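S.K.: First, the structure itself, so that you have it in front of you.
The values are calculated or read from the model by the stated rules, or taken from the named source; none is laboratory data. Keep in mind that this is a model prediction, so the values were computed, not measured. In this analysis, Cβ positions are derived from the backbone assuming ideal geometry, glycine residues included, and neighbour counts consider all displayed protein chains.
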Amino acid sequence: MNEILIEGRRLRLRRANVTDLNYIMTLQYTPENLKFIVPFDEKYHREIITSDGSEKLDVIVEEIDTGNSVGYFMLRKMDSPFVEFTHVIIGKKGLGYGREALKLLLKWAFEVKDFHRVWIDCKDYNKIALRLYESLGFVREGFLREILLTNGVYENLIVFGMLDREYFSWQEK
């Protein structure tokens, strides 16, 4: 059975299961997505999916009307008052699904799970993600210079965070 975390107008977020592994791996290794992430292998995802979900979680984004998967998130460090959003990957682009899914994930994190803080990092050249995170109220917290080595090139990460009070203040606007 698919454990639904939260539903919105068009999308739902649900816990990934073993049958989603191929979809997750395909999304990670699509060249358009791969340039913005550090992929994890299938064994790592299988361990997350078969775990109790208290520390890490793979989350599938799917259309409510069709049940089709349109993206996935990985959440880490959930066994603390903080949670890291990583691997924010939308496979069906250009429909506003990234914005809607991230808003749902924030609502789930702060309103359902009662986290104090969420954070995310992003390669400094991922302009679409940078604009999205800032437009949703994330605050730039840091710049990690040449922290990732990708294909022989060191890359920079920008770290964003959001506190629970910032989220709730943002919702009142």
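S.K.: So which strands (runs of 3 or more DSSP E) are wholly in region 53-141 and hold at least 2 residues that are under 14 Å from LEU5 (Cα atoms), within 14 Å of the chain's Cα centre (by Cα) and hydrophobic (A, V, I, L, M, F, W, C)?
M.R.: Answer list for region 53-141: 57-63, 69-76.
S.K.: Inside region 61-75, can you point out the residues that are of a type in the set (Val, Ile, Thr) and buried (at least 24 other Cβ atoms within 10 Å of the Cβ)?
M.R.: Across region 61-75, the qualifying residue is only VAL61.
S.K.: Whether any residue in region 129-140 is exposed (fewer than 13 other Cβ atoms within 10 Å of the Cβ) and on the phi > 0 side of the Ramachandran plot is what I want to check.
M.R.: No: region 129-140 contains no residue that is exposed (fewer than 13 other Cβ atoms within 10 Å of the Cβ) and on the phi > 0 side of the Ramachandran plot.
S.K.: So how many residues does region 99-112 have that are crowded, with 21+ Cβ neighbours inside 10 Å and without any contact (Cβ under 8 Å) to a residue 60 or more places away in the chain?
M.R.: Going through region 99-112 one residue at a time, the tally reaches 3.
S.K.: While we're looking at this one, here's another question. Output yes when any residue across region 83-90 is on the phi > 0 side of the Ramachandran plot and surrounded by fewer than 18 Cβ atoms within 10 Å (Cβ to Cβ), and no when none is.
M.R.: no
S.K.: So, in region 7-39, exactly how many residues are within 19 Å of LEU57 (Cβ to Cβ), among the hydrophobic types (A, V, I, L, M, F, W, C) and more than 14 Å from the chain's Cα centre (by Cα)?
M.R.: Selection size over region 7-39: 4.
S.K.: Looking only at region 142-165, which residues are surrounded by 16 or more Cβ atoms within 10 Å (Cβ to Cβ) and either in a helix (DSSP H, G or I) or out of contact with any His (no Cβ under 8 Å at 6 or more places or on another chain) (or both)?
M.R.: Scanning region 142-165 gives GLU155, LEU157, ILE158, VAL159, PHE160, GLY161, MET162, ASP164.
S.K.: Collect the residues in region 79-94 that are more than 22 Å from MET25 (Cβ to Cβ), touching a residue at least 24 places away in the same chain (Cβ under 8 Å), out of contact with any His (no Cβ under 6 Å at 6 or more places or on another chain) and not β-branched (Val, Ile, Thr), keeping them in residue-number order.
M.R.: Answer for region 79-94, where residues must be more than 22 Å from MET25 (Cβ to Cβ), touching a residue at least 24 places away in the same chain (Cβ under 8 Å), out of contact with any His (no Cβ under 6 Å at 6 or more places or on another chain) and not β-branched (Val, Ile, Thr): ASP79, PHE82.
S.K.: Given the residues GLY94, GLY98, which is the only one that is small (Gly, Ala, Ser) and under 17 Å from GLY8 (Cα atoms)?
M.R.: GLY98
S.K.: Another one. Any idea which of PHE138, PHE115 is aromatic (Phe, Trp, Tyr), touching a residue at least 40 places away in the same chain (Cβ under 8 Å) and under 25 Å from GLU55 (Cα atoms)?
M.R.: PHE115
S.K.: With respect to the numbered conditions (1) over 24 Å from LEU34 (Cβ atoms); (2) modelled with pLDDT of 95 or more; (3) over 15 Å from the mean Cα position of the chain (by Cα); (4) not charged (D, E, K, R), which one is the sole condition not fulfilled by TRP170?
M.R.: All conditions pass for TRP170, except number (2).
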